[in-house]
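The values are calculated or read from the model by the stated rules, or taken from the named source; none is laboratory data. In this text the structure is predicted, and so the values were computed from the model without any measurement. We place every Cβ from the backbone using ideal geometry, glycine too, and count neighbours over all the protein chains shown. SASA here: full protein model, heavy atoms, side chains in, ligands and nucleic acids out. Shrake-Rupley method; radii C 1.70, N 1.55, O 1.52, S 1.80 Å.
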Amino acid sequence: MMRGHTCFMVAFITSTFLVDVSGYSSGLVGDACESMVPNHGKSAQTSVAPYEVTANSATFNPGDTIQVTLKNKSSDNFEGFLLEARNADSSSTTPLGKFSTTNPQAQLLNCSVGGIPYTDSAVSHTSKSQKSEIIVNWTAPNASNIVFSVTFVKSQLIFWTEVKSPVIQRSLSGSTVPSQPTTSQNKGGTTGPILDALSSDGCGNTKFCFNNPSQCNPATDANCFFMSSTPLNNQGLRFEMSGKASGYISIGFSDDKIMGGDDIYICGMDASGQIKVQRAYSTGRSPPRIEQLGEVDGIAVANKNGIIQCSFVTRNNISTAQRAANNMYYLFFAYGTSAGGQINKHQDPPFISTEKVNVAVVQLASGNNDKPVLIKTHGALMLIAWMTTGSIGTMIPQYFKCIGSTRKIFGKDCWFQLHWPLMMLTVVLTIIGFVLAFVQVKGWSYGAQSHPILGCVVMGLALIQPTVAIFRPPPDHKRRWIFKYFHSALAFAIRPACSGNTIPRPLLINCSTQ
């Protein structure tokens, strides 16, 4: 029995040791992608590494291929290595770009950071054979300045981490762009280098596009509102936005065609007038809540001749809220003014896609900023009620009491039998229009300033007026005058509240009354 236990312990320790050694020598070190520190039970060397990493170019544009060389600076060869490209201007551990190699001593790794996989984002060794030089290729993403970072392993217990190349700078139009932050974890958003002019080239072929007017090109049309997204081989989406605005442009993702519960990316001016990118969440009841920017980099911006543009790469989930497990959304393109770095409510309705779309699928989409049908119906009913039936119904008792007082219809004066149906129709139309507005916005429209308040005032007065009329005293009653003045005062108040225009005070003519 003791012998069995002894054999088991020996086998366990031996297998554990072999697995650990095998994992080290095979170069399958994906677990170390984020820290780039080998799990060898020892600390990294603090002396200057006898190795270096260099690139054959000091600048890059998105899509460029750069040759990266790892080599010794003396006679000391290395057994293992881990190579990644990272942002040079921040402490982000997100690997950037994609590597390729045909060297049998090197292999590609799919690193994961924060649960998000990045295909071919790192390179490591395939065995612990001695190496004096490794050459691989790196394809640049749409990012700002980068640096190549390497962990060199001389032996299992001797290694160096954070051996870095010179900074490789993002080059735009042949000029080197100064270092700019391209990622941010604060709530203020971040600015970026100057952006080249955006274009609709590739729409429907290599990228998703949403624009108004339909199929407009921001490179040639100053009035083009444009948004595109390009899938980056499971490494996120590159968004581009362009529009003529004096403060900001934004793109929102919604489950319906009503603002509220939507995720937003904002490209707008900060307090100093610089363009920055922000991520936000809209409740539809108050200004959007600024969120952490998250996994966003490769930011570039422009503001020329009143046209705001920005480009960035995001690896965030589109939704910050719990919702159905699909990628279909209505798109909202909104624009407006800003003050002190805070966006104001857009004065013009946003452009809304005609149907739900998946921005990760290459296609063309367009939208319009027509008001919803219920809001149009609301406006039409209010117009009919207070410019037609209400106006006519109010003028009849003011100017035709004496004329029609000698003629009766069903025992009532002719003017009265015309007045009350028109006023009741006005109340009914007002109620329907009032309800439709609340149905459309699904609650109180806080962003609409005074309009909903005036609407409630008009609705209240419109209900009080017929209620008072129903309980009016007979014409010969001694307190009839109270009803007449109260009824006239309400009529005088309700019309300006509804139309914004002052009308003559109703005439209290001493004629036959009802």
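Modelled spin labels at ARG289 and ILE135, positioned 7 Å past Cα toward Cβ, are 5.4 nm from each other.
On full extension, the segment bounded by ILE158 and LYS71 gains 29.7 nm, given 0.36 nm per residue less the C-alpha separation. Placing pseudo-labels 7 Å out from each Cα toward the beta carbon at ASN61 and MET424 gives an inter-label distance of 7.6 nm. Taking all protein chains together and a 1.4 Å probe, the residues SER112, SER353 rank SER112, SER353 from largest to smallest accessible area.
Taking each of LYS304/LYS376; LYS42/LYS131; LYS98/LYS244; LYS98/LYS164; LYS98/LYS304; LYS73/LYS98 in turn, the alpha-carbon distance tops 28 angstrom for LYS304/LYS376; LYS98/LYS244; LYS98/LYS304.
Below 8 Å, C-alpha to C-alpha, sequence gap of six or more: please give me the relative contact order for segment 251-322 in percent. Provide the component values of the computation, followed by the final result.
Numbers: 123 pairs, mean separation 17.9, N = 72.
Relative contact order, segment 251-322: 25 percent.
What ranking do 341-351, 42-52, 249-259, 144-154 get when scored by the average of other Cβ atoms within 10 Å per residue, highest first? Can you show the working numbers first?
On the way: 341-351: 16.5, 42-52: 13.9, 249-259: 20.9, 144-154: 23.4.
Packing proxy ranking, top to bottom: 144-154, 249-259, 341-351, 42-52.
Using a simple spin-label model with pseudo-atoms 7 Å out from Cα toward Cβ, PHE410 and SER91 lie 8.2 nm apart. Cβ-Cβ distance of VAL37 and LYS257, R₀ of 35 Å, FRET efficiency by 1/(1 + (r/R0)^6): the value works out to about 0.10. Rounded, prolate or oblate, given the Cα gyration tensor of segment 217-256, with a/c below 1.5 counting as rounded? Since a/c reaches 1.5 but b/c is at least a/b, the shape of segment 217-256 is classed as oblate. Taking θ as phi - 60° and the Karplus parameters 6.51, -1.76 and 1.60, the scalar couplings of segment 255-272 work out to 7, 9, 9, 10, 5, x, x, 10, 8, 9, 10, 10, 10, x, 7, 8, 5, 8 Hz in sequence order, x denoting glycine and proline.
Roll a 1.4 Å probe over the protein chains and send me the accessible area per residue for segment 78-154 in Å².
Numbers: 2420 Å² over 77 residues.
So segment 78-154 comes to 31 Å² accessible per residue, rounded to a whole number.
Expressed as a whole percentage, what fraction of the accessible surface of segment 214-281 belongs to carbon and sulfur atoms when a 1.4 Å probe is rolled over the protein heavy atoms?
On the way: 1010 of 2320 Å².
Roughly 44 percent, rounded to a whole number.
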